[in-house]
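This report concerns only the one structure given below.
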Amino acid sequence: MPNILRLLRTWKLPVAMVCGVLFYALFETVLPDYDIRNDFYDVISHIIQPSLIFVMLFLSFLKVRTHNLRPHRWHGILLLTQGMLFVLASITAYALKRYTASDYWPLLMEGAMLCFICPTATASAVIVQKLGGSLSGVVTYIVLCNLMVSLLAPAFLTLVEPHSGMTFQTEFFMIMGKVFPLLLCPLFVALCVRHYTPTLSKLFLRIKDLAFYLWLFALAFAIMVTVRTIVESNIPISVLFAFAIVSMICCCMQFFLGRRIGQRWQQPSVDGEEIDSSLSPRERSAITAAQSFGQKNTVFIIWMGLVFLNPVTSVVGGFYSIWHNIINSWQLAKKNKVKN
C-alpha cells in the first residue's frame with residue numbers, strides 16, 4: 001500500500017488524465033440521452049472549469065506582489081517569437097488555401113496557427129511553482145500574452161478564414177470578452193482580500209498545494225472534454241493522426257524554444273518571492289519561460305477553432321492538451337525524483 005500511494009503521489013498528473021478518460025466512459029454510460037449529456041458537458045465547460053480556474057488564479061495572485069508584475073527582457077523575446085510563429089503559420093495557411101486544390105494541408109496549418117497563438121494556460125502558474133520557477137514571471141506573461149492574442153489573432157484569422165459579419169473589431173471584442181474577465185476578476189478579488197482582509201489571505205496561503213490539487217480536478221475534467229471532442233468529431237482517422245502529429249511538434253517546439261530563451265535572457269530575482277534555492281537563476285528562468293510558452297489554454301484553442309476557423313481544427317486543442325500534460329507529468333516526476 002505505501003508503494004502504491006508513493007506511485008500515485010509521483011504520477012498525479014497521469015492519474016488525473018486517466019480519471020478524465022474514465023469519467024468520459026462513465027458518463028457516456030450513465031447518461032445515454034444525448035441532450036442530457038450535452039447539458040452536463042456545458043455545466044462542466046462553462047461553470048465548473050471556469051470556477052476552478054478562477055480559484056487557482058486567485059490563489060496565485062495572492063502570492064504575487066503587484067509591483068513584481070513587470071515585464072523582463074525574456075517576456076518581449078517570447079512574445080515576439082510566439083507572434084512570428086503565428087504569422088508565418090497564418091501566411092502559409094493562406095497561401096496553401098489560395099494556390100493549392102487540396103484542403104488537407106491548409107487544415108493542418110490552421111491547426112498549427114491555433115497551437116502557436118493560443119495564450120498561456122492560467123494553470124501554468126501552478127505548475128511553475130511546483131517546478132521551482134518564477135510565479136511573478138509567468139503571471140506577467142499570462143497577462144501580456146492574452147493582450148497580444150487579442151490584438152494579433154483577429155487580424156490573421158479573418159485573413160485565413162473570412163466569415164460573413166466577422167470583422168477585426170468583432171473578433172477582437174469576442175476574444176477580449178473570452179480571456180480578460182477570467183484574468184482581471186481574480187486579480188481584483190485577490191487585491192481586495194490582501195488589502196482589506198490580510199488574515200483571510202494568510203489563511204488561504206497556509207493551505208499547502210491547494211491550487212495544485214484544484215488543478216488536478218480541472219485537468220481530469222479537461223481531459224474528459226478533450227476525449228469527447230476527439231471521439232465525437234467524426235473526422236477521418238488519417239486527419240486525426242495528422243492533427244496529433246502537428247500538435248505534438250508545435251508543443252515540443254514551444255517548450256524547447258521557451259527553455260532556450262529563458263536560459264539566454266534570465267529573469268532577475270524579485271523581492272519577496274519564494275524561490276527554490278536548489279535551482280540556479282538560469283534554471284528557474286528556463287522553467288518559467290518554457291511553461292509560459294509551452295503550456296496552453298487548450299479550451300481556448302478548441303473555442304477559436306470552432307468559432308473562427310474550420311471547426312475540424314478544434315480537435316488540435318484536444319491533442320495539445322494531452323501532449324503538454326505528458327510533458328508536465330515527466331517534469332514533475334523528475335522534480336520529485338530529485339527531491340527524494
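The values are calculated or read from the model by the stated rules, or taken from the named source; none is laboratory data. Just so it is clear, the structure is predicted and the values come from calculations on it, not from any experiment. Cβ sites come from the backbone with ideal geometry, for glycine too, and all protein chains shown count toward neighbours. Protein only, heavy atoms only, side chains kept; ligands, DNA and RNA dropped before computing areas. Shrake-Rupley method; radii C 1.70, N 1.55, O 1.52, S 1.80 Å.
Details
- Among the residues making up segment 208-248, those that are free of Cβ contacts under 8 Å to residues at least 60 places away in the same chain and part of a helix (DSSP H, G or I) are TYR213, ILE237, SER238, PHE241, ILE245.
- Flag for ALA125 being within 16 Å of GLY317 (Cβ to Cβ), open to solvent by less than 30 Å² (accessible area, probe 1.4 Å) and of a type in the set (Gly, Ala, Ser): no
- Selection within segment 84-95 - in contact with a helix residue (DSSP H, G or I) (Cβ under 6 Å, 6 or more places away or on another chain) and open to solvent by 10 Å² or more (accessible area, probe 1.4 Å): LEU85, THR92, TYR94
- Complete set of residues in segment 38-55 that are touching a helix residue (DSSP H, G or I) at 6+ places or on another chain (Cβ under 7 Å) and not aliphatic (A, V, I, L, M): PHE40, TYR41, SER45, GLN49, PRO50, PHE54
- The residues in segment 29-84 that are among the aliphatic types (A, V, I, L, M), at pLDDT 85 or above and in contact with a Cys (Cβ under 9 Å, 6 or more places away or on another chain) can be counted, and the count is 2.
- THR81 in contact with a Phe, Trp or Tyr (Cβ under 9 Å, 6 or more places away or on another chain), touching a residue at least 60 places away in the same chain (Cβ under 8 Å) and open to solvent by 10 Å² or more (accessible area, probe 1.4 Å): yes
- Positions within segment 28-82 being polar (S, T, N, Q) and within 30 Å of HIS195 (Cα to Cα), in sequence order: GLN49, SER51, SER60, THR66, ASN68
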